[in-house]
Amino acid sequence: MALRRLEKLRNAYGPGCAERKLALLARLDRARLGSAAEVSRLHEALCFLRAYPDDARVLRRVQAMLARFARRADLRAQRDALENSGIAGTPIRFPFFWPTALWLAREWPRQLVLDRLDRAADRAIGKLFGVKSGFAALDRIRPRGLTDAVHFLHLVERMPGDSFVKEAFYDALEPVLELRPGRGTPSRTHAAVRMGRIAWQHRPLDRARPQMRAEIGRPPQRVRPLPVREGARWIARARAAMVTRSRDMDVFAYGEPRDVRLIEDRAGLAFALNGLSAERRMGARATHGSLALKNGVPIGYMDLGVTGRHVEIAFNLFPTFRGGEAAHVFARTLAMLRRIFRAESFGIDSYQLGRGNREAIDSGAWWFYYRLGFRPRAAAAKRLARRELARWRADRSYRSSKATLEKLAGFPLRYRVR
């Protein structure tokens, strides 16, 4: 079928590829897909091509299809099944933390409601009022024109105490919120932002292992500190990227608009880097967040801890964009960090490598970083890595077992520039 053929062309670039994609996109634009999975697959293919377009014709077609994606009949038919997909026209349900809940209530007050299936929150709020159902109590006292979620957030805001007290109180209740689709609500579908000249993709994505030292030594093209208002917009885009993936990150929720830099790299790659608000900073370690973009499309994010000239990195490429140039994007991330923080070493902690993180184990994260030159300090880790490499050299089909990856994940990795 056309969808499967389009997916097979994901990394096909060169003579004739744009024409084949355009023909398939035209068919899929008119088609009515039969399942939520197929609608989602088409959406991801469009997002990928928006970030990596062959030429202006492909870009125009993809942009047009994404612009009206929420109006597709097959999406409307599968709307409930696509909940939490981040696709325009679908709802998001998640127990957002206090600052994110406040932000959503301020920006989209009509679309934010309490999830009435959240019985735990219903009981917990009920205890505050001395009744069985907290939702029913809120309905009785809620002013006209306010949703239950916005009214409840206003009640918590009026409590005595500072922001830390209110946050602790709200997060202890942990109510699930529903962000209903509406005009301008966050979606992955409409997340792209204009960032100057498009970098067209004329060749297949480079999956070769980058020369790390050479890449790190090649600085990004431009670093631009942003004025406060523009910085706030970039932090909002990073928050939206988390909301549409049912995540919440303090580094964006408490981002400091006066400390945002836009780093423009080669081939349409860019990073929006922000610091943390003063009241949330702790000790000598400086925390930063970064949203990675390709041709204006968010493709991943980083949570960064900077101590002196060492940077601890939590690097996450969004699933839509994995399997392509992940290693290249990571190498350019290190080049960006060296330029901004004059970093001389980088670290990856055990969680990112798989300790308590099944996704990292399944992806073989430890070996991804090892092959890029990161090394453990512990002798036991070095012995285990040598054993696994010897087995792989003897049999190139060999893969480390999950049990072995879990052992390796207990050993953080480090890379020194010099």
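Considering only residues that are of a type in the set (D, E, K, R) and part of a loop (DSSP other than H, G, I, E, B), which ones fall in region 240-296?
Those that are of a type in the set (D, E, K, R) and part of a loop (DSSP other than H, G, I, E, B): Arg245, Arg247, Asp248, Asp265, Arg266, Arg281, Arg285.
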| What about Thr320, is it within 28 Å of Arg207 (Cβ to Cβ), touching a helix residue (DSSP H, G or I) at 6+ places or on another chain (Cβ under 9 Å) and of a type in the set (Ser, Thr, Tyr)? | yes
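Name the one entry in Met195, Met249 that is on the phi < 0 side of the Ramachandran plot and touching an Asp or Glu at 6+ places or on another chain (Cβ under 7 Å). Walk me through how you get there before you give the answer.
Working: Met195 fails: touching an Asp or Glu at 6+ places or on another chain (Cβ under 7 Å).
Selected residue: Met249, the only one of Met195, Met249 that is on the phi < 0 side of the Ramachandran plot and touching an Asp or Glu at 6+ places or on another chain (Cβ under 7 Å).
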| remark: Of the conditions (1) of a type outside the set (Val, Ile, Thr); (2) more than 18 Å from Gly86 (Cα to Cα); (3) surrounded by fewer than 18 Cβ atoms within 10 Å (Cβ to Cβ); (4) in contact (Cβ under 8 Å) with a residue 40 or more places away in the chain, the single one that Arg233 does not satisfy is (4)
| said: Give me the residue from region 94-129 that is hydrophobic (A, V, I, L, M, F, W, C) and out of contact with any helix residue (DSSP H, G or I) (no Cβ under 8 Å at 6 or more places or on another chain) and, out of that set, nearest to Ala253 (Cα to Cα). | reply: Trp108
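Would you call Leu317 among the hydrophobic types (A, V, I, L, M, F, W, C), over 12 Å from Phe341 (Cβ atoms), crowded, with 17+ Cβ neighbours inside 10 Å and in contact with a Phe, Trp or Tyr (Cβ under 6 Å, 6 or more places away or on another chain)? Outline the logic, then answer.
Numbers: among the hydrophobic types (A, V, I, L, M, F, W, C): yes; over 12 Å from Phe341 (Cβ atoms): yes; crowded, with 17+ Cβ neighbours inside 10 Å: yes; in contact with a Phe, Trp or Tyr (Cβ under 6 Å, 6 or more places away or on another chain): no.
No.
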| query | So Ser40 fits all but one of (1) among the polar types (S, T, N, Q); (2) in contact with a Lys or Arg (Cβ under 9 Å, 6 or more places away or on another chain); (3) part of a helix (DSSP H, G or I); what number is the exception? | reply | (2)
| request: Would you confirm whether any residue within region 301-319 is outside the structural domain of Ser400 (by TED's automatic domain parsing), part of a helix (DSSP H, G or I), farther than 25 Å from Pro257 by Cα and at pLDDT below 95? | output: yes
| task | Could you tell me which residue of region 138-167 is nearest to Gly126 (Cα to Cα), considering only residues that are of a type outside the set (A, V, I, L, M) and in contact with a strand residue (DSSP E or B) (Cβ under 8 Å, 6 or more places away or on another chain)? | result | Phe152
| message | Filter region 156-170 down to the residues that are surrounded by fewer than 11 Cβ atoms within 10 Å (Cβ to Cβ), charged (D, E, K, R) and either within 19 Å of Gly134 (Cα to Cα) or outside the structural domain of Leu128 (by TED's automatic domain parsing) (or both) and list them by number. | response | Arg158
| note | Per the filter on region 129-155, residues farther than 25 Å from Phe97 by Cβ and either surrounded by 11 or more Cβ atoms within 10 Å (Cβ to Cβ) or among the charged types (D, E, K, R) (or both) are Val131, Lys132, Ala136, Arg140, Arg144
| Failed condition for Pro91, given (1) touching a helix residue (DSSP H, G or I) at 6+ places or on another chain (Cβ under 8 Å); (2) more than 20 Å from Ala31 (Cα to Cα); (3) surrounded by 15 or more Cβ atoms within 10 Å (Cβ to Cβ) | (1)
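The values are calculated or read from the model by the stated rules, or taken from the named source; none is laboratory data. Treat the numbers as computed from the prediction; the structure is a model and nothing was measured. Cβ coordinates were reconstructed from backbone atoms using ideal geometry, including for glycine residues, and neighbour counts include every protein chain displayed.
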